[in-house]
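The values are calculated or read from the model by the stated rules, or taken from the named source; none is laboratory data. Everything numeric in this text was worked out from a predicted model, so none of it was measured. Cβ sites come from the backbone with ideal geometry, for glycine too, and all protein chains shown count toward neighbours. Heads up: the accessible areas ignore ligands, DNA and RNA and are worked out on the full protein's heavy atoms, side chains in. Shrake-Rupley method; radii C 1.70, N 1.55, O 1.52, S 1.80 Å.
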Amino acid sequence: MTVLVVFASFLLAANMHVDAESSVPGASIVLQNAAEKGMTMPAIGIGTGGYGAPAETWNDGVAMKAVSTWIKLGGRRIDTAWDYYDQTGIGQAVYAAIDTGSIKRDDLFIVSKTHLLSGYNDTLSQLEDSLKQLQVEYVDLFLVHSKTIMPNSTDPKCQPGGPNLESACVKSTWKAMKEIFQRGRKGGARAIGVSNFEVEQLEYLLDDSILPSLNQVEYQPYWHEEDLVEFCRNHNITFNGYAPLGAPDFGPWRRKWNCSLLELPLIKRIAMTHNKTPAQVLLRWNWQQGIPVNPRSEQEEHMKENLAAILDETFHLTDSEMHALSNISPKPKCPKVCSACTPNT
């Protein structure tokens, strides 16, 4: 699909703004549907998922150090999940920052997720596990992690052999999510949403009175689903992109994924034009479409660059640059970073 991105139109469509009165500094985006009234989310967060990398490369210790650095630099959104197996380390970093008085809990925006599509009871228990590990009373945003049904779910509606299995499991899981939203700051979440859902899974929820506030899906120049983005926006569901840099550290652990965006001549050329890094160009390409991002990084210098890519109001890609990045050709034959999340086509 050929796409010409026009910056101003996406500003209006995505409810982007800089909230001068918010405790969260910098650019933010308004969450709608299943979210506290007037709730905003920082445009950039730190991703902490290992994307299948060996546990020794991204664990509690690494996560604690990275999140501590992120908070020190002014980063406020932290993205994790029950099955990232690093929430204990993140909780230690958050507790230390609050305990020393360098930050308040309300200054942070903490996102966690279930383990896959878990069903009713398992979703509730995973939220409780996450709160204990993170050492917080609530999370700001809790997401259904995937459309893939969790093996051995205790929910009969999520067990093989049931009628309309995927639809039934999505709806039963969402019932638990709505209870979590109702708890709010008292042992629940200020907002709820989904991750890795395609249009088909989102449509299962359209007859519900409470729709997701957000859908977190992989989004980068080699893989961007405009139809899904448009569907989300038509239903006031914020589209949040993960792996915006193509997860450059992912390749060594998944040999079939050898698609380095950061080395692409086009991106390096645009970066030189603006005196920016290739990573900053990719992040800006997302944000100029109104798409908040959560790149993963362990390095302080990279975190600074990531923040600057979003918060620097003088940095704008031209329409022609946006068009070129949206229409890279030829594209390498790469699966999604989250290969299990590839749409059924």
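Here are a few things to note about the model shown:
- Local net charge near Ala176, Cβ-Cβ under 14 Å (Lys/Arg +1, Asp/Glu -1): 0
- Computed extension length for Lys104-Asp207: 33.3 nm, one decimal, from 0.36 nm per residue of separation with the Cα-Cα distance subtracted.
- Extreme residue, positive dipole direction of segment 124-278, given options Val194, Asn215, Pro278 (C-beta unit charges): Pro278
- Packing, taken as the mean count of other beta carbons within 10 Å per residue, orders the peptides 202-214, 312-324 from highest to lowest as 202-214, 312-324.
- Label-to-label distance, Glu36 versus Ser320, with points set 7 angstrom from Cα along the beta-carbon direction: 4.6 nm.
- Counting only protein chain heavy atoms and rolling a 1.4 Å probe, the accessible areas of Tyr219, Tyr95 rank, largest first, as Tyr95, Tyr219.
- Model label sites at Lys171 and Glu313, defined 7 Å from Cα along the beta-carbon direction, differ in position by 4.8 nm.
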